[in-house]
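My structure is below; once you've seen it, I'll send some questions.
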Amino acid sequence: MPDKAKVLLDPHFRKMTEIFSAADLERLHDTGEVVWGRDDPMPPEEARRALAEATAVVCSQWRYGPLPDAPDLRAVVSVSGAFPNDLDYQACWARGIRVLSAAPAFGRQVAEMALGLALASCREIAAGDAAMRSGEEQWLHAGNANTFMLYDAPVGFIGFGALARSLRPLLVPFDVRIKVYDPWLGDGFLRRQGVEPSSLPELLETSRFVFVLAAPSSENQALLSRELLERVRPDAVVVLVSRAHVVDFDALTELVLAGRFRAAVDVFPDEPLAPDHPIRGARGAVLSAHRAGSVREGMWDIGQMVVDDLEAIVAGLPPRRLLAAEPELVGRVVSGHGLKR
């Protein structure tokens, strides 16, 4: 490894000030020599020359062609929230190059929004505001005829990755009971996290709040099929904040329009959402324009985690904050659905 580590920093489509606070950018420059470090994409030929001496590459996607002969390269870090496409993972693992994703950096901000959407739905906050503005409000008991509380409610998590693990502590004060469906995690591990493993049908039939938190994969497209969505409790809220890939969105829309259950939705199959999409007219839906994961302070978590792990890598230590690509799972993860966060 060179005396002064070289970090090829090519975050486009991200902007430097979007993901790095001034303090973390200063830490990054203290960690090593920063090559490029601009908002515009680095010219490919220039990038390939820099790669030959790089210790780490920080990018939004791998667009540099075949993995070069770069003897000092120790890490490829994606700031997009997904693992990069067009990267030779087998070659990386064979050469001891870690592939890391900033996906955990979205945990806090998305979890906060998921909690807000759940409360907005069950307490009819948006509907109540609209009624006040139009002069059609119902006061006191009459205004709460169809509301209910999160406290003490049975909750279901579909997926127990970074988003779920950030949301769970936020629900502790509500004294909820959490069931989890995640086929990528063992029952024993889930129980030791203080949650109850569950089949998907059981979770849908028993949970009053269903949080869809699973990352898109080759195995879970439209996992929540029409048949399964029809098992959702009629007094439940489905909170969708990971990716619409996981849900049969047409069925979800039809069932919410029919008053079958409520939904709070931040992600959609096609974004921006068509102006005439029927879910816009669903009284039982609280809608958000993919805003859960783009808060300024939350985005700075990306830069903080990147620098924390680069400091460790340069020191010859394992990274601890970003998500590492695992041979058993990386090929099953789907990237590029919806707008980039």
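The values are calculated or read from the model by the stated rules, or taken from the named source; none is laboratory data. Quick caveat, the model's predicted, so the values are computed rather than measured. A quick note on method: Cβ atoms are made from the backbone with ideal geometry, for glycine too, and the neighbour counts reach across all protein chains shown.
Let me confirm something: among V247, V232, which residue is under 25 Å from L329 (Cα atoms), assigned by TED's automatic domain parsing to the domain that holds R283, touching a helix residue (DSSP H, G or I) at 6+ places or on another chain (Cβ under 9 Å) and among the β-branched types (V, I, T)?
Values: V232 fails: under 25 Å from L329 (Cα atoms).
Result: V247 is the single residue among V247, V232 that is under 25 Å from L329 (Cα atoms), assigned by TED's automatic domain parsing to the domain that holds R283, touching a helix residue (DSSP H, G or I) at 6+ places or on another chain (Cβ under 9 Å) and among the β-branched types (V, I, T).
Take the residues of region 147-162 that are assigned to a loop (DSSP other than H, G, I, E, B) and without any contact (Cβ under 8 Å) to a residue 60 or more places away in the chain: which is surrounded by the most Cβ atoms within 10 Å (Cβ to Cβ)? Even if it seems obvious, please write down each step before you answer.
Taking region 147-162 and keeping what is assigned to a loop (DSSP other than H, G, I, E, B), we get 147-153, 159-161.
Next cut, without any contact (Cβ under 8 Å) to a residue 60 or more places away in the chain only: 147, 149-153, 160-161.
Working: T147: 13, M149: 11, L150: 20, Y151: 9, D152: 10, A153: 20, F160: 23, G161: 19.
Per the stated criteria, the residue is F160.
Out of region 126-145, which residues are aliphatic (A, V, I, L, M) and surrounded by 15 or more Cβ atoms within 10 Å (Cβ to Cβ)? So that I can check it myself, show each step before the final result.
We begin by selecting, within region 126-145, every residue aliphatic (A, V, I, L, M); these are 126-127, 130-132, 140, 142, 145.
A126, A127, listed by residue number.
Also, quick follow-up: Among the residues of region 295-333, write down those that are exposed (fewer than 12 other Cβ atoms within 10 Å of the Cβ) and under 18 Å from E18 (Cβ atoms). Before the answer, list the steps.
Step one: filter region 295-333 for residues exposed (fewer than 12 other Cβ atoms within 10 Å of the Cβ), giving 296-297, 315-318, 320, 327-328.
Once the filter is applied, which keeps residues that are exposed (fewer than 12 other Cβ atoms within 10 Å of the Cβ) and under 18 Å from E18 (Cβ atoms), region 295-333 yields R296, E297.
Which number in (1) surrounded by fewer than 17 Cβ atoms within 10 Å (Cβ to Cβ); (2) in contact (Cβ under 8 Å) with a residue 24 or more places away in the chain; (3) closer than 21 Å to D40 by Cα marks the one condition that S78 misses?
So S78 meets the others, but not (1).
Go through region 33-63 residue by residue and tally those that are in contact with a Lys or Arg (Cβ under 6 Å, 6 or more places away or on another chain) and part of a loop (DSSP other than H, G, I, E, B).
Total meeting the criteria: 5.
Step by step: first the residues of region 133-146, then only those that are in a loop (DSSP other than H, G, I, E, B) and charged (D, E, K, R), then the one that is farthest from L115 (Cα to Cα). Which residue is that? If you could, list the steps in order and put the result at the bottom.
At the first step, the residues of region 133-146 found to be in a loop (DSSP other than H, G, I, E, B) are 135-139, 144-146.
Cutting the leftovers down to charged (D, E, K, R) gives us 136-137.
Details: E136: 27, E137: 25 Å.
Once the filter is applied, the top-ranked residue is E136.
Right, next: Does T31 qualify as being touching a residue at least 24 places away in the same chain (Cβ under 8 Å), assigned by TED's automatic domain parsing to the domain that holds R95, in contact with a helix residue (DSSP H, G or I) (Cβ under 9 Å, 6 or more places away or on another chain) and more than 20 Å from Y89 (Cα to Cα)? Give the derivation first.
Details: touching a residue at least 24 places away in the same chain (Cβ under 8 Å): yes; assigned by TED's automatic domain parsing to the domain that holds R95: yes; in contact with a helix residue (DSSP H, G or I) (Cβ under 9 Å, 6 or more places away or on another chain): yes; more than 20 Å from Y89 (Cα to Cα): yes.
Here the answer is yes, as T31 does meet what is asked.
Please state which of the following conditions M305 fails to meet, knowing it meets all the rest: (1) part of a strand (DSSP E or B); (2) within 15 Å of S80 (Cα to Cα).
(1)
Taking only region 292-341 into account, find how many residues are among the hydrophobic types (A, V, I, L, M, F, W, C) and either modelled with pLDDT under 90 or more than 17 Å from G107 (Cα to Cα) (or both). Quick ask: steps written out before the conclusion?
From region 292-341, those among the hydrophobic types (A, V, I, L, M, F, W, C) are 292, 295, 299-300, 302, 305-307, 310, 312-315, 317, 322-325, 329-330, 333-334, 339; that's our starting set.
Those still in the list that are either modelled with pLDDT under 90 or more than 17 Å from G107 (Cα to Cα) (or both) too: 307, 310, 312-315, 317, 325, 329-330, 333-334, 339.
The total comes to 13.
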